[in-house]
Each structure stands twice: as C-alpha cells, then as structure tokens.
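Below is one structure, written out as structure tokens, with a few remarks after it.
The values are calculated or read from the model by the stated rules, or taken from the named source; none is laboratory data. In this text, all values refer to a predicted model and were calculated from it rather than measured experimentally. For neighbour counting, all protein chains shown are included, and Cβ atoms are generated from backbone atoms with ideal geometry for every residue, glycine included.
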Amino acid sequence: MTNPTTLSFASPSAVAADGAAVIFAEEGPKLSPAAQDLDKKTKGRLKDAVKVSGFKGKKGTSVDVLAPQGVKFARILLVGLGKPKDFANDDWVNLGGVVRGKLTGREGDTAHVYLEAAKSELSVEDIAAFALGAQLRGYTFDKYKSKKPTKDADVKVLKKIVIHCADSRAAGRAYKPERAILDGVNLARDLVNEPANILTPAEFASRAKALTKAGVQISVLSETQMKRLGMGALLAVGQGSENTSHMAVMQWKGGGQKGGEPVAIVGKGVTFDTGGISLKPAGGMEDMKGDMGGAACVAGLMLALAERKAKVNAVGVIGLVENMPSGTATRPGDVVEAMSGTTIEVLNTDAEGRMVLADCLWYVQEKYKPRAIINLATLTGAVMVALGKVHAGLFSNNDDLSEQLTAAGLETGEKLWRLPLGPKYDKLIESKVADIKNTGGRWGGSISAAQFLQRFVKPDTPWAHLDIAGTAMAAESTDINRSWGSGFGVRLLDRFIQDNYERR
Ligand code: BES
Ligand code: MN
Ligand code: ZN
C-alpha cells in the first residue's frame, strides 16, 4: 500500500502552528538549537522533562512532552541521536524510521521535524536519507482489511511530515531520487505481501506492464513463445499449475547509446511454491507466497531506476511460474532440456527456483549480451541456516563484482556475505542420466544450488547470485520496515548501480 503521509521541506522559521514538533539532542544530553528554543518558549518545560525522565540523548531514546504551554504544538518529541558525527548515510535513513515509529498512532495531523540543527554541517543528502527512512517506515499492507486503520476513529493518523531545514529547496531536490527508491521498495513489498491467489504469474506480469507508465519498456513471453525458445527447465516447473507461466523482460534505457550493453538483473518469480510432487510439509507453507521475492526486487528496482531517470542501461528478466502438484506436474526422475541445451534430471521438484533461473539466465545472455548479471532468488532454506536473517548469501564468479555488491550492502544496510563456489561443489550436481541433476544433496545446499546456476552462465560474464530466502520475506522488524515483505535488494542494487554503472 502506498502510504498517505505527504512529506515536504520548509525553512527552519516557517510557521508551525499545529501537531507535533520533533527536535533532537546529542549524547550528553546536548540539546539542538531548535530544542533550546522550544525549551525557552515553554518556560523550561523541556529541560524539566529531560531531568525527570533521565534522558541522556542516547541513540534510540526519546522524551515526550504532551500539551506544552507557551507553544501551539500539541506534543514535543525530543529524540536522542547519540553521536551523529559518526553517522553514515544509512544511519540517517534509520533515524527517519525511528522518528516515524515514535510518531505513529500518537501523532496529530502534522509532524514538524527540526532536523537542521541535529548536526552542524548536515548535508541535504542526509536530510533526504532521513526523509526516505521516515517514509519507508510508514508502509503498511492493509488492502485486505475491510476496516481501514486509517479511518478507525481510535487511531490518529499522520497526514503530513514537514522537515524544517536551512536549504529546503536543495533538500527537496535531494529527496527526489530517494522518493523513486521509496516507490521501488514499496512496489517490491506489495508484490511479496500479496497472496498467491491474487498474484498469479499472469497478474505479476500485468503489474510489471504497469511500469510502462514510468518509462520502462516491457515485453512478456507466453508459454508458446518459451516453448519455441526451448525453455524446458522453466516450463517444467509451471506445468503442474492451472496458472500459465510467463517471462517478463523490463528494459530501462537511461544510459542511451553511450551507455553500452545493459547490466542485467534476473529474478526468481515463483508465485507459490508447494514443492510440486516433492510436496512441502504443511507447516509454514503459506510463506511460499513470498517465493517471488527476487522478481519483486527486480520490478521494484526497474521502477526506481526509471523514476529517478538513472543514467544506466538495465534489463530485468523475471521467470513467473507457480509450482503445483497435479496430474500434469513434473515427476522426480524426469529429464528436461534447458534453453542452453543442458539436460537436467529433476530429482526433487522442490528445487524449482534454479530451473526457472536457468532459462532466464541463458535468455538474457543470448539476447542482451549484458556487461554483468546479478540474479536474486529466495533459493534455499539452507542459506538461512548459514546466515540467518541478517545477511543474504552472495555467490560470484568475479571478485570485483563481489566487492562492489558487498560495499553497496554495507552502505544501505542490506548486507551480503560471500560464500564459496568451486569444482568440488560443482561435482555434487553431476547426474548419472543427464548432464546435471537439480539437487546436490544434504550438505552445502546453498552452494550446490549456486553451482547449478553457474552452469547457465558463460564464463566471461561477470555474474553474482544473491540468495535472499532469509531477507526478502518473513522479515524481522527493523527501524525502516514492519512489513512481512521487506523489499530487500532494491536499495542495495540501486546503490550498486549508482556507484558502479551510472554515467555522470
Ligand atoms: N523456495 C524454496 C526455498 C525457501 C525456503 C525460501 C524457505 C524461503 C524460505 C526453494 O524452492 C526450496 O524449496 N528449496 C529447497 C531445495 C532442496 C529441495 C534441494 C530447500 O531449501 O529445502
Ligand atoms: Mn522449492
Ligand atoms: Zn522455491
């Protein structure tokens, strides 16, 4: 759901006659000039409240003063910063989320945020990052609640955030690309949260088509077209479902002629993964509505790139299928041929994501000769055993690419941890009857899955695979996200492209 709270920037002295005032203090506590000013206007109420509550300005702490005298604000919220001198860009994003969290449910119509004095030489980028964080935190998925929390009389809803800062016009300009990223992340979250009876492969494709409005070029391949292209691996996954399979190709050509070959982003879009004939156990199976988190990230990223008019050529390819058991489903033991000509023995129909990606990867290389390929997939439960829900798994045939992605992960807080590839792991997927088999046994399950993917990557193409099974869905609460679908990967890859692929 797009959130209804509008965000704007105003000068520090702009009249603020209503709602909540948000002000800051560094560790000490050292009140910001705006906070000092409000303390004076309230005849010392603020400092009294600081004393009574024992507030020291530590990061994440706050003091609330309700109905203060001497000012028109209904509420003053004093937020601790800790040591903002050490803040990186991402700390400002998280601070925005923290502040939004403290406001939600208890706010008036408007929150006036006096950020300008939080740090002496606060950049407009930091202010824009704060704004992004505040808006990211505002995301909720409530489209299936017949009683909208936003209309419920018991809950007060924040309608406006006004960020007061020295150069409000420059801050507004700096926020524009962040706004694009917000839209991209929220699109990815919407897609992941959407139940699988609504978000079928066809419905996903039609939502991808809606990106045309933003300037993305889309084409969708049908089953007949994929059959003609020889995509036997992807089609084998979808053949048990009543819902037909699709492949959507999204192009953003912001780099123009000089931009050269595109960077390719490929996503697993299994709209529901029952496991197929190798049926999954019932407990927790509902989570498999999120098995299209990779594809959701690709769609969200393409939207973000288009909305902020990124100077890059990018192509996104997503394989959209539903993995169901039925009389037409693929059986364990079946042999199928992928578009590349590689034959695959399907030992476990629940190892379907790699089959879908095999044909997506081959297709994008044949058709677009990309400079690099990044694929994202909720590929293995094993990656959660290895890395929990903190890092996504990173596999790559290229050290530079790997370092660039890892760096973007640290900058955005969407962290990656590299895991190995190698001939000894590759051996695990050798088949007796076909070229390869689709499972590599019990140990190192995330690695053998990555080895499988690598069989469909030409050796001179820089390629990275991100296993986002632990980070895309069933997300843990963070400062900037409370939704089940996190939108993981959009901010990461947007930053990766900004840092490494955009023409300046
Ligand atoms: N979609 C699952 C992986 C997954 C599991 C994602 C839990 C998110 C949460 C994938 O298709 C799968 O079933 N993988 C199997 C592979 C196995 C059969 C080799 C797995 O991880 O158990
Ligand atoms: Mn599966
Ligand atoms: Zn799956």
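Suppose the filter is touching a Phe, Trp or Tyr at 6+ places or on another chain (Cβ under 7 Å) and part of a loop (DSSP other than H, G, I, E, B); does M288 pass it? Considered against the rule, which asks whether it is touching a Phe, Trp or Tyr at 6+ places or on another chain (Cβ under 7 Å) and part of a loop (DSSP other than H, G, I, E, B), M288 comes out as no. Going through (1) surrounded by fewer than 23 Cβ atoms within 10 Å (Cβ to Cβ); (2) more than 17 Å from the chain's Cα centre (by Cα) one by one, S396 falls short only on (1).
If you scan segment 293-322, which residues turn out to be within 12 Å of ligand 3 (Cβ to nearest atom), out of contact with any Lys or Arg (no Cβ under 7 Å at 6 or more places or on another chain) and closer than 26 Å to A372 by Cβ? Answer for segment 293-322, where residues must be within 12 Å of ligand 3 (Cβ to nearest atom), out of contact with any Lys or Arg (no Cβ under 7 Å at 6 or more places or on another chain) and closer than 26 Å to A372 by Cβ: G293, V321. Give the residues of segment 319-375 that are in a loop (DSSP other than H, G, I, E, B), closer than 23 Å to K432 by Cα and within 16 Å of ligand 2 (Cβ to nearest atom), sorted by residue number. Hits for segment 319-375 are A329, T330, R331, P332, D334, V346, L347, N348, T349, D350, A351, E352.
This table checks each residue for (1) in the same structural domain as Q225 (by TED's automatic domain parsing); (2) farther than 26 Å from S245 by Cα; (3) within 8 Å of ligand 1 (Cβ to nearest atom).
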residue: D359; (1), (2), (3): yes, no, no
residue: Y363; (1), (2), (3): yes, no, no
residue: T378; (1), (2), (3): yes, no, yes
residue: L387; (1), (2), (3): yes, yes, no
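Considering (1) under 26 Å from the mean Cα position of the chain (by Cα); (2) farther than 18 Å from G353 by Cα; (3) of a type in the set (A, V, I, L, M), the lone condition that A282 does not fulfil carries the number (1).
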